[in-house]
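Just below is one structure, and these are the notes that go with it.
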Amino acid sequence: MSTTTPTYDQIHSLLTESSQTHLLNFYPTLSEQAQRKLLHQLSQIDFPRVNRIYRDAIQAESTTPEDVQVQLEPLPASEMASTVPPHSDPDSLSRWSALGLRAIQQGQVGIILMAGGQGTRLGSSAPKGCYDIGLPSGKSLFRMQGERIKKLNELARAGGEAGGRLVWYVMTSGPTRMETERYFKENGWFGLDQEDVVFFDQGESSARRVTEGTRG
């Protein structure tokens, strides 16, 4: 992906083709740095695809059951399973657990957490994962998930097959990135190896491994 910032004229032409020029209404009021950032962000959006998805959604909303030709039927019982009692099967649960731990041991499992939002509606300016949700333990959402991942790693390693590990991908946003990283560092990465925690901002094309002192 190119890192070159497109020009205003290029973006204006792109938006004109997609009837989205209103996105530049406040462009003149921004600082030069904010203008460059806005142009770059707009250049990353596939507007024809967005418009197509919007049209399909509007069309689907107006579709009546009589317009749908496909006959929908429930899945057969043989194609469904549950982990919730009384519908769960102990033998199946044991087998699934073994398969999951083996996949972790073989490095085939990763965990992604969508953590780009702030807790403003909860009365906090911190990332939602840092928020005290009122548990007796006082644990935050980040800590709860981090400790669970640590436990899964321990269970997988106890299986006797070394080498595999869980990598935790944490999606942040501009307003939450630095505070989220700081929270993880101050809390000792919740017992995880630092190299197994990867931060990336929403909108990035790929996750970037973060080492101490690196900020995106």
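The values are calculated or read from the model by the stated rules, or taken from the named source; none is laboratory data. The shown structure was predicted, so the numbers you read here are calculated from the model rather than taken from an experiment. Quick reminder, even Gly has a Cβ in these numbers, built from the backbone with ideal geometry, and neighbours come from all protein chains shown.
Note on segment 182-197: among residues that are out of contact with any Gly (no Cβ under 9 Å at 6 or more places or on another chain) and touching a residue at least 24 places away in the same chain (Cβ under 8 Å), the one that is surrounded by the most Cβ atoms within 10 Å (Cβ to Cβ) is Asp196. Being of a type in the set (Val, Ile, Thr) and under 23 Å from Gln202 (Cβ atoms) is the filter here, so list the residues in segment 6-65 that pass it. Ile11, Ile45, Val50, Ile53 - these are the residues of segment 6-65 that are of a type in the set (Val, Ile, Thr) and under 23 Å from Gln202 (Cβ atoms).
Looking at Thr64, is it surrounded by fewer than 13 Cβ atoms within 10 Å (Cβ to Cβ), modelled with pLDDT of 90 or more and over 30 Å from Arg157 (Cβ atoms)?
no
Check whether at least one residue in segment 111-127 is charged (D, E, K, R) and not in a helix (DSSP H, G or I), and report yes or no. No, because not a single residue in segment 111-127 is charged (D, E, K, R) and not in a helix (DSSP H, G or I).
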